[in-house]
Number of protein chains: 2
Amino acid sequence: MHSPKFFQELIEQEIKKISFSNQPPELYDPITYMLTLGGKRLRPAVMLMANELFGGHPFAITNPALGIEMFHNFTLLHDDIMDKAPLRRAKPTVHTQWNSDIAILSGDTMFVKSCELMMQVEDKFLRQVMNLFHKTAVEVCEGQQLDMNFESRNDVSIPEYIHMISLKTAVLLACSLQLGAILAGASKADAELIYQFGKNLGIAFQLHDDILDVYADSTKFGKQVGGDILSNKKTFLLLTALATAHETQKAELDNWLSDKKHKPSEKVKAVKGIYESLNIRESAEEEMGKYFFAAMQSFEKIQADESHKEVLLKWAEQLMQRES
Amino acid sequence: MHSPKFFQELIEQEIKKISFSNQPPELYDPITYMLTLGGKRLRPAVMLMANELFGGHPFAITNPALGIEMFHNFTLLHDDIMDKAPLRRAKPTVHTQWNSDIAILSGDTMFVKSCELMMQVEDKFLRQVMNLFHKTAVEVCEGQQLDMNFESRNDVSIPEYIHMISLKTAVLLACSLQLGAILAGASKADAELIYQFGKNLGIAFQLHDDILDVYADSTKFGKQVGGDILSNKKTFLLLTALATAHETQKAELDNWLSDKKHKPSEKVKAVKGIYESLNIRESAEEEMGKYFFAAMQSFEKIQADESHKEVLLKWAEQLMQRES
């Protein structure tokens, strides 16, 4: 069984080999740019790992794995336009480096290219693979729309939030794992179990992200600590704080949400103070643990070589302990 | 053999049956809105006609035909954002009625939905159908990017223009016809011939559009006559005028292109005057005739029932005589 790192590097090499010298360059240069910005290549790597877990030939499915990475980058490209994000991995976003029209259209093209890569599977798997891929793609769009809706809503519940991150983040991880399983000829039961493992792990992963944003070690975290607080992002932490605060804490929190006078560092410090008095970090870690536990419950039931399972398990545990 | 009108109405009925009551409504309402704005349903209708021409069962392929219409409407939705168009079929465009973010994301969802509809073919046709569909989708994106590039270029040649409209408009018509043929089990030769028929007809169709924009009867034309002139759109007419004008005519035309003083009607009248002195209408009709003739040459070679072919031929001829 190869390591996650091995597959991540394999995907990185495969991405470098993809060359879009097609015309017009205004359409294809942003695709190359986006794909070579870096990233953990998590989704294609776990797809290959799941494939090997069930006795597949991961080196034979690098193209559909690239399809997953291409799709993920397409969603980032379009999300960046909607979020008006100036930077992605410390480099200008496509709509900043070129313009929004080019970002829309090169994103559309990436999406088609991801379908073309995903099609490169054996005939016997084609329909099942594409059905899962399309279903997931629709869900990711639904998740992004819900996320945008939440920005202007003041009554987002915790279950709604979990549903949103499940669609926006978790189902693509689940889909990647299940694709790897399907392409190895795994049983229907195992394919379903690894999907549930991925979905719950994906939710735990996003909750960990929410926690890291506030509590990461700034020397190790790649981004600005407290970024979600500064942008009033409705994360699990903020929503839980709003739901559990008593009257004066709630008023204080609301003040900070509409504050424009204070320095960013003061706002982060004050909101963290409120979180502390409400034990928000503990609540978030508990919720994260709940989903991680659910992931483990599915994982244990998977019928596969235990030493192979160990590799995937270690990876999942490390994912929950990452500091950036 | 059913008439084009019959199939257009069939598609119209099928579209009314599609219901997107999924959540969130912000994602799905724009899709329903876009699909029910109307339109000629030309592409799915000719797909069904081509299918019947080759002895297929058109009523069994209404879902992939809807996929073509869904894809076409997705491209219109995203094009409208890029063109900053306020209206589509006299109604507010999606990005005007909702906003650009919603237009991007509901467009993305429409594209996935078009793939899902297109997948609803027999297994034996699946790969060929999806490969053609994806290839065409990429070409349409390339055509749209070239069209945007042309806006800021002053050296667009006629062959470049023909290449652009071929990608942006003609290949989707060609693809629709070929899909109908493939799904009827037509021979490879016939599938290729009907593709070439559609591609050349599509180019002639767009040239006819360019001519109509300037010379349509305003009482029959659905849009403002002279719209392309007012927006300085680099149509076949303008590009030919710029290429064939002598020095003083060229200077006069350049003046009108940068004019901001005169009334719209004065600009249209003046540019039409220059076109007249250069016989631009005749040049455009000649070019249109050239592509229509090429379409006919491919069509004649198709091996199919002559009385069936007659129906498709009549439709093609009417397409070239339409007044709106």
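The values are calculated or read from the model by the stated rules, or taken from the named source; none is laboratory data. Note that this is a predicted model, so its numbers are computed, not measured. All Cβ positions, even for glycine, are placed from backbone atoms using ideal geometry, and neighbour counts span all protein chains on display.
The table below gives the values:
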quantity	calculated
Of all residues making up segment B:297-306, the number that are surrounded by 18 or more Cβ atoms within 10 Å (Cβ to Cβ) and without any contact (Cβ under 8 Å) to a residue 12 or more places away in the chain	0
Tabulated pairs, segment A:218-237, first at negative phi, second surrounded by 15 or more Cβ atoms within 10 Å (Cβ to Cβ) and of a type in the set (Lys, Arg), C-beta under 8 angstrom, 6+ apart or interchain	A:Gly227/A:Lys233; A:Ile229/A:Lys267; A:Ile229/A:Lys272; A:Leu230/A:Lys267; A:Leu237/A:Arg281
Criterion: within 20 Å of the chain's Cα centre (by Cα) and more than 23 Å from A:Gln144 (Cβ to Cβ) - qualifying residue of B:Ile61, B:Ile15	B:Ile15
Breaking point among (1) of a type in the set (D, E, K, R); (2) in a helix (DSSP H, G or I); (3) over 17 Å from the mean Cα position of the chain (by Cα), for A:Asp155	(2)
Residue count for segment B:1-47, restricted to those that are among the small types (Gly, Ala, Ser) and surrounded by fewer than 19 Cβ atoms within 10 Å (Cβ to Cβ)	4
Subset of segment B:261-286 that is exposed (fewer than 12 other Cβ atoms within 10 Å of the Cβ) and within 28 Å of the chain's Cα centre (by Cα) - its residue that is farthest from B:Ala243 (Cα to Cα)	B:Ser265
Close pairs (8 angstrom Cβ cut-off, 6 or more residues apart or separate chains): within 27 Å of A:Ser218 (Cβ to Cβ) in segment A:311-324, acidic (Asp, Glu) anywhere	A:Glu323/A:Asp217
Residues of segment A:118-175 satisfying the condition of being basic (Lys, Arg) and more than 10 Å from chain B (Cβ to nearest Cβ)	A:Arg153, A:Lys168
Residues of segment B:48-92 satisfying the condition of being more than 14 Å from chain A (Cβ to nearest Cβ), part of a helix (DSSP H, G or I) and over 25 Å from A:Leu105 (Cβ atoms)	B:Leu48, B:Met49, B:Ala50, B:Asn51, B:Glu52, B:Leu53, B:Pro58, B:Phe59, B:Ala60, B:Ile61, B:Thr62, B:Ala65
Some residue of segment A:217-238 being in contact with a Leu (Cβ under 6 Å, 6 or more places away or on another chain) and more than 23 Å from A:Pro86 (Cβ to Cβ)	yes
Residue identified as in contact (Cβ under 8 Å) with a residue 12 or more places away in the chain and in contact with a helix residue (DSSP H, G or I) (Cβ under 9 Å, 6 or more places away or on another chain) among A:Asp79, A:Asp101	A:Asp79
Test: residue in segment B:193-209 that is surrounded by fewer than 22 Cβ atoms within 10 Å (Cβ to Cβ) and of a type in the set (Val, Ile, Thr)	no
Lone qualifier among B:Asp108, B:Asp123 - being surrounded by fewer than 16 Cβ atoms within 10 Å (Cβ to Cβ), of a type in the set (Asp, Glu) and touching a helix residue (DSSP H, G or I) at 6+ places or on another chain (Cβ under 9 Å)	B:Asp123
For B:Met130: the one exception among (1) in contact (Cβ under 8 Å) with a residue 60 or more places away in the chain; (2) closer than 24 Å to B:Asp108 by Cβ	(1)
Residues of segment B:108-152 that turn out to be modelled with pLDDT under 95 and part of a loop (DSSP other than H, G, I, E, B), as a count	1
Filter result for A:Asp228 (among the charged types (D, E, K, R), under 23 Å from A:Gly39 (Cα atoms) and in contact with a helix residue (DSSP H, G or I) (Cβ under 7 Å, 6 or more places away or on another chain))	yes
Residue under evaluation B:Cys115, criteria (1) buried (at least 20 other Cβ atoms within 10 Å of the Cβ); (2) more than 10 Å from chain A (Cβ to nearest Cβ), criterion not met	(2)
Positions within segment A:93-112 being at the interface with chain B (Cβ under 7 Å from one of its Cβ atoms) and within 19 Å of the chain's Cα centre (by Cα), in sequence order	A:Phe111
Single condition A:Met148 does not satisfy, out of (1) in contact with an Asp or Glu (Cβ under 8 Å, 6 or more places away or on another chain); (2) within 25 Å of A:Glu26 (Cα to Cα)	(2)
Residues satisfying the stated conditions in segment B:15-47, i.e. assigned to a helix (DSSP H, G or I) and either within 14 Å of chain A (Cβ to nearest Cβ) or free of Cβ contacts under 8 Å to residues at least 12 places away in the same chain (or both)	B:Lys17, B:Pro25, B:Glu26, B:Leu27, B:Tyr28, B:Asp29, B:Pro30, B:Ile31
Of all residues in segment A:213-253 being of a type in the set (S, T, N, Q) and assigned to a helix (DSSP H, G or I), the one that is farthest from A:Asn279 (Cα to Cα)	A:Thr248
Options B:Gly185, B:Gly180; residue that is in a helix (DSSP H, G or I), in contact (Cβ under 8 Å) with a residue 12 or more places away in the chain, closer than 21 Å to B:Leu132 by Cα and touching a helix residue (DSSP H, G or I) at 6+ places or on another chain (Cβ under 9 Å)	B:Gly180
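Listed here are the residues, each with its yes/no results for (1) surrounded by 12 or more Cβ atoms within 10 Å (Cβ to Cβ); (2) more than 28 Å from the chain's Cα centre (by Cα).
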residue: B:Ala245; (1), (2): yes, yes
residue: B:Met288; (1), (2): yes, no
residue: B:His308; (1), (2): yes, no
residue: B:Trp315; (1), (2): yes, no
residue: B:Gln321; (1), (2): no, no
